[in-house]
Amino acid sequence: MFDRRFTFWILFLPPLIWLAAFFLFPLLLMAAFSFRADTHGQLFSGWVLSFIQYANVWSGSGFLRLLGLSTLIALGVSLIVVLLSYPLAYFLAIYARRRLGFYLVLLLVPFWTSYLLRVMAWKFMLGSNGVINSVLLYLRIIQQPLEALLYNRTAVMLTLIYVWIPFAALPILAALQRIDPFIFEAAADLGARPLSQFLRITLPLSLPGVFAAFFMVFIPTVGEYVTPLLVGGSSGSLYGNIIQDFFTKAANWPLGSALSMIMLAVTFVFLLIATRLVKLRELLQ
Amino acid sequence: MTARRTPIPLVVYYFALIALLYLPIGILFLFSINSNVTFSFPLKGFSLAWYQQVLHNQPVLDSARNSAVVAVGSSLAATILGIMVSILMMRYQFRGKGLLVALSVLPLIVPYIVLAVALLLLFSAFHIQRSLLTVGIAHTVVALPYTLLIISSRLAGFDASLEEAAMDLGATYPTTLRRIVIPMILPAAVSAWLTAFTVSFDEFALALFLAGTRPTFPVYLFSQLRFANRLPMMIALAVLMMIATLILVFIAERFRSLDL
């Protein structure tokens with residue numbers, strides 16, 4: 001068995017070193033950086049343990065409020081996306097039958113389209129000389145272009161909902177497909193009406209997929225900074241954008257690190273809640 | 001169940017939502033074949049000029065090539081690492097296995113902005129210039145969960161008796177891996193590689209932080225958004241790249257469902 005053990009180390013060391021160097025260590029470095037007092041000097045020298053960055057976050061101008069708001073927006077987006085995707089998944093699982101493959105591809109092509117392109121598309125939809133305004137002006141419904149469509153949080157939410165709908169349908173579809181069709185026959189034989197069949201059998205059995213879809217949308221959305229950057233403008237920015245600012249324009253890396261650590265902690269809290277509700281494997285599929 | 005008639009509202013809902021999903025992309029596409037620079041209704045005329053310009057614009061082509069280089073490198077690395085972790089996960093028992101698997105999958109859960117700034121800190125701390133390599137490293141990390149899940153689920157479909165048989169017949173373990181296991185997971189590996197490629201090709205949130213002087217395509221596209229007159233051309237290129245991505249996705253799906 002010597003060669004099996006030798007192979008073990010060949011297989012084990014590269015991924016371990018890679019993940020340690022480029023995933024775990026950077027996060028630890030960020031953690032260490034968030035306990036740094038100032039931005040002076042080299043990255044490693046002059047490091048003294050300090051909680052001042054976290055104190056700054058606590059007392060700072062609305063950081064935590066923005067975090068709360070971003071979390072709420074992500075929860076709202078995930079909820080709306082799941083509600084909108086459920087009927088899609090239900091249609092595909094129960095009624096698509098032989099056309100399932102085609103209908104599924106039809107749904108997923110927008111999702112496989114470039115993310116940046118899809119977000120940009122909404123910029124053109126909502127902009128002051130964008131599609132919606134152009135059409136409304138052309139039809140003479142309005143005389144002046146509506147400025148309020150773009151560069152606010154509603155635009156961000158609308159775009160995020162648009163981006164995630166196809167993706168959220170997948171875990172719900174998978175959960176619905178796992179339901180044994182004989183259960184429906186049994187329920188019908190026992191006199192269950194379609195509505196009570198849905199409420200008492202289909203919906204409860206599909207809930208793991210619903211939870212999985214919810215968290216698969218929520219987790220990337222809570223850290224989102226690209227969509228607000230493009231369609232949110234200054235009044236539509238989210239928590240991710242202030243992290244980005246502190247690492248670019250504002251150049252206060254210790255404070256940015258503290259803000260990132262808090263975001264990471266929030267994500268892990270929600271991950272823990274998610275693993276209570278669904279098996280981790282289902283979340284990842 | 002098969003006797004149930006499809007409720008009309010559900011069909012209408014499905015196709016209405018599909019139409020809504022395609023509408024913004026379709027309008028972008030119209031924008032790229034519109035002869036006018038500014039986009040307004042009614043459309044002025046049809047033109048493929050933007051597509052022609054793409055082929056003669058060096059910075060645009062460079063950024064596309066940079067993205068391709070990053071995507072090829074990072075997807076290859078992510079696939080090889082994915083194969084390694086998959087074999088360990090499905091064929092070995094050892095302490096710390098759960099930890100390794102968790103570590104491989106966690107990049108899916110850590111927000112991209114957090115990973116981006118953490119890697120930025122790492123590269124600055126060690127005075128590593130930001131370049132295509134640093135973007136590729138980040139993409140390898142985020143693509144690993146995908147390659148791992150695709151390859152390990154293929155490996156789960158085969159029981160280990162084939163390998164045991166090979167070893168009973170005198171093959172060493174490395175030979176068994178090379179002659180039995182690797183050919184067995186090859187379709188999944190190709191699918192994983194293509195998936196990792198599309199993940200990297202399209203990635204913007206990490207690349208914006210980690211790209212140096214040579215931008216990847218999404219980063220370049222983003223930097224050009226300010227210049228309204230270059231937009232139709234950028235969109236034309238984005239449409240071309242979207243078509244390329246879709247072709248790759250379809251090939252990946254083919255390989256994933258392949259039964260050998």
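The values are calculated or read from the model by the stated rules, or taken from the named source; none is laboratory data. Predicted, not measured: the structure shown is a model, and the values here were computed from it. Cβ atoms come from the backbone with ideal geometry, glycine included; neighbour counts cover every protein chain shown.
Of everything in segment B:218-230 that's at the interface with chain A (Cβ under 9 Å from one of its Cβ atoms) and touching a residue at least 40 places away in the same chain (Cβ under 8 Å), which residue is nearest to B:Phe29 (Cα to Cα)?
B:Leu221
If you go through segment A:126-173, how many residues are modelled with pLDDT of 85 or more, over 26 Å from A:Tyr225 (Cβ atoms) and touching a helix residue (DSSP H, G or I) at 6+ places or on another chain (Cβ under 6 Å)?
Total meeting the criteria: 2.
Got at least one residue in segment B:188-198 being at pLDDT below 90, aromatic (Phe, Trp, Tyr) and part of a helix (DSSP H, G or I)?
No, there is no match, as no residue in segment B:188-198 is at pLDDT below 90, aromatic (Phe, Trp, Tyr) and part of a helix (DSSP H, G or I).
Take the residues in segment A:1-36 that are more than 7 Å from chain B (Cβ to nearest Cβ) and within 26 Å of A:Ile52 (Cα to Cα), then tell me which one is modelled with the lowest pLDDT.
Within segment A:1-36, the match that is modelled with the lowest pLDDT is A:Arg36.
Might you let me know whether segment B:155-177 holds any residue that is modelled with pLDDT under 90, among the polar types (S, T, N, Q) and not in a helix (DSSP H, G or I)?
Looking for residues that are modelled with pLDDT under 90, among the polar types (S, T, N, Q) and not in a helix (DSSP H, G or I), one finds at least one in segment B:155-177, hence yes.
Where in segment A:120-196 are the helices (runs of 4 or more DSSP H), entirely inside, with at least 1 residues that are within 21 Å of the chain's Cα centre (by Cα) and surrounded by 14 or more Cβ atoms within 10 Å (Cβ to Cβ)?
Qualifying helices (runs of 4 or more DSSP H): A:153-177.
Considering B:Leu10, B:Leu23, which residue is modelled with pLDDT of 85 or more and within 7 Å of chain A (Cβ to nearest Cβ)?
Just a single option satisfies the conditions, and that option is B:Leu10.
How about segment A:206-263: which of its residues are within 11 Å of chain B (Cβ to nearest Cβ), of a type in the set (A, V, I, L, M, F, W, C) and under 25 Å from B:Gly212 (Cβ atoms)?
A:Val226, A:Leu229, A:Leu230, A:Ile242, A:Ile243, A:Phe246, A:Phe247, A:Trp253, A:Leu259 - these are the residues of segment A:206-263 that are within 11 Å of chain B (Cβ to nearest Cβ), of a type in the set (A, V, I, L, M, F, W, C) and under 25 Å from B:Gly212 (Cβ atoms).
For residues in segment A:238-265 being of a type in the set (Gly, Ala, Ser) and free of Cβ contacts under 8 Å to residues at least 40 places away in the same chain, which is farthest from A:Val82 (Cα to Cα)?
By that ranking, first place goes to A:Ala250.
This table checks each residue for (1) in contact with a Phe, Trp or Tyr (Cβ under 7 Å, 6 or more places away or on another chain); (2) over 26 Å from A:Leu108 (Cβ atoms).
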residue: A:Leu139; (1), (2): no, yes
residue: A:Glu147; (1), (2): no, yes
residue: A:Val156; (1), (2): no, no
residue: A:Leu160; (1), (2): no, no
residue: A:Pro166; (1), (2): yes, no
residue: A:Pro194; (1), (2): no, yes
residue: A:Leu207; (1), (2): no, no
residue: A:Ala213; (1), (2): no, no
